[in-house]
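Readers should treat all values here as calculations from the given coordinates under stated rules, not as data from a laboratory. Nothing here was measured: the structure is a model prediction, and the numbers come from that model. Cβ placement follows ideal geometry from the backbone for every residue including glycine, while neighbour counts extend to all protein chains displayed.
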Amino acid sequence: MFFLKNLKRTRRNPAAPRQNHLTLTVGILLTASASFAEDRITLNTKDDGYRGIWYMNRPLKSVYKYKYSGGLGTYCAKHKPFAVCCDTVNKTFFCYGGTSKANNRSLIHMVSYYDHEKKVVPRPTILLDKKTGDAHDNPVISVDAKGHIWIFSTSHGTDRPSYIHRSRKPYDIDAFELVPATRLQDGNQVAINNFSYFQAWNLPQKGFVCFFTKYGWGADRALAFITSSDGVEWSER
């Protein structure tokens, strides 16, 4: 609607500089595109219970049936951490690979907390649908110095995108926003949209130090780490 109004104003005022109108139009379109993309990814809704994903890997022709299988909402061992205790609010915030009532093999990223004083958990927040049944895409969590909760949504390989979200309010799980994170590459900022086996640590007065696997960085699997003071602009690998 705003875009259409500006088109009408442009027609009524032919003396106005065309460059200004073009800049305004492009800015509106880019903002709308970013908002639409986040609306499609970030769900920020509540579930009515806790359901972890059921996952299996490599069927076997033996009595064991699979290489491994079962409830793997906090899989795998390389993903860290799944929970962070915050003494300031006496709560432990956690994330896990959830699923839907209709399909226990459809991965949904969930966020919640345990209230140590009340000894209860709330209804968990549905952050996003990862569009896969692969528990290797499970999320990890971190909390920054201001109390904002960060969720790093990993990917198994390069077939699916990865995401970074931050809570809008400190120590609050009700609403998250997609972070347009970038990293340095050859002196330029490029989007961070894929990472595997992520480990996210926030250090006091320093920010994030993260370790992960990246497929195709000079090898089939490369081990790497990046740092960031704000979670938005990251260092070179």
Worksheet item: When Lys and Arg each count +1 and Asp and Glu each count -1, what net charge do the other residues less than 9 Å away from D144, Cβ to Cβ, add up to?
Response: +1
Fill in: Rounded to the nearest 20 debye, dipole of the range 112-151 from Cβ charges on Lys, Arg, Asp, Glu
140
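So if each residue of separation counts as 0.36 nm, and I subtract the Cα-Cα distance between A191 and K78, what length gain in nm does that give? Intermediate results must be reported in sequence, preceding the final value.
Details: separation 113, 0.36 × 113 = 40.68 nm, distance 2.35 nm.
Roughly 38.3 nm would be gained on extension.
What GluC sites (Glu not before Pro) does the range 137-237 have in DSSP loop regions with at most 15 other beta carbons within 10 Å?
The qualifying sites are E236.
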Worksheet item: Separation between the A102 and K206 pseudo-spin-labels, each 7 Å from Cα along Cα→Cβ, expressed in nm?
Response: 4.6
Discussion item. Loop-only trypsin sites (Lys or Arg not before Pro) in the range 102-188, please: DSSP not H, G, I, E or B, and at most 10 other Cβ atoms within 10 Å.
Written reply: K118, K119, K146
Worksheet item: Setting aside same-chain residues fewer than 8 positions from K91, which lysines have a Cα under 21 Å from its Cα?
Response: K46, K80, K118, K119, K146, K169
Response to the item:
For K61 and N90, extending 7 Å from Cα along the Cα-Cβ vector and measuring point to point gives, in nm, a value of 6.0
